[in-house]
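Here is the structure we will look at, set down as structure tokens.
The values are calculated or read from the model by the stated rules, or taken from the named source; none is laboratory data. Remember, predicted model here, so these are calculated numbers, not experimental data. Glycine gets a Cβ as well: all are built from the backbone with ideal geometry, and neighbour counts include every protein chain shown.
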Amino acid sequence: MPINSYLAHPHSGKKQELANAINAIESCEVIPSKNKDLLIIVTETNSKEEDEQLKEHIESIPSLKLLAMVAGFNTPQNIS
């Protein structure tokens, strides 16, 4: 189960627009920075393929200027 965190830099004046667009995506949580014009995004998906599709979806948002991964983890699912 991939869990990743990103720093998202919006285009000038587009921070809230970007936050709204990312918040609308089910597998994402957005934490706005209080003192900088950027967003912290945490994603959680069920597979590597789903994770790659989610990243591509985020990168296609017009108000996004730059997306930088901070950390990524792939925790194995417990199969009984």
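Would you be able to tell me the number of residues in the range 4-27 that are touching a Ser or Thr at 6+ places or on another chain (Cβ under 7 Å) and in contact (Cβ under 8 Å) with a residue 40 or more places away in the chain?
Total satisfying the criteria: 7.
For a quick check of your reading of the model, give me the residue pairs whose first member lies in the range 30-53 and is under 12 Å from Lys15 (Cβ atoms) and hydroxyl-bearing (Ser, Thr, Tyr), whose second is surrounded by 12 or more Cβ atoms within 10 Å (Cβ to Cβ) and at pLDDT 90 or above, with beta-carbon atoms closer than 9 Å and at least 6 apart or on different chains.
So the pair list comes out as Ser33/Leu7; Ser33/Lys15; Ser33/Leu39; Ser33/Ile40.
Within the range 26-66, work out how many residues are at pLDDT 95 or above and assigned to a loop (DSSP other than H, G, I, E, B).
Counting residues in the range 26-66 that are at pLDDT 95 or above and assigned to a loop (DSSP other than H, G, I, E, B) gives 4.
Can you find a residue that is more than 16 Å from Ala71 (Cα to Cα), surrounded by 15 or more Cβ atoms within 10 Å (Cβ to Cβ), modelled with pLDDT under 95 and not charged (D, E, K, R) anywhere in the range 10-24?
So far as the range 10-24 goes, no, none of its residues is more than 16 Å from Ala71 (Cα to Cα), surrounded by 15 or more Cβ atoms within 10 Å (Cβ to Cβ), modelled with pLDDT under 95 and not charged (D, E, K, R).
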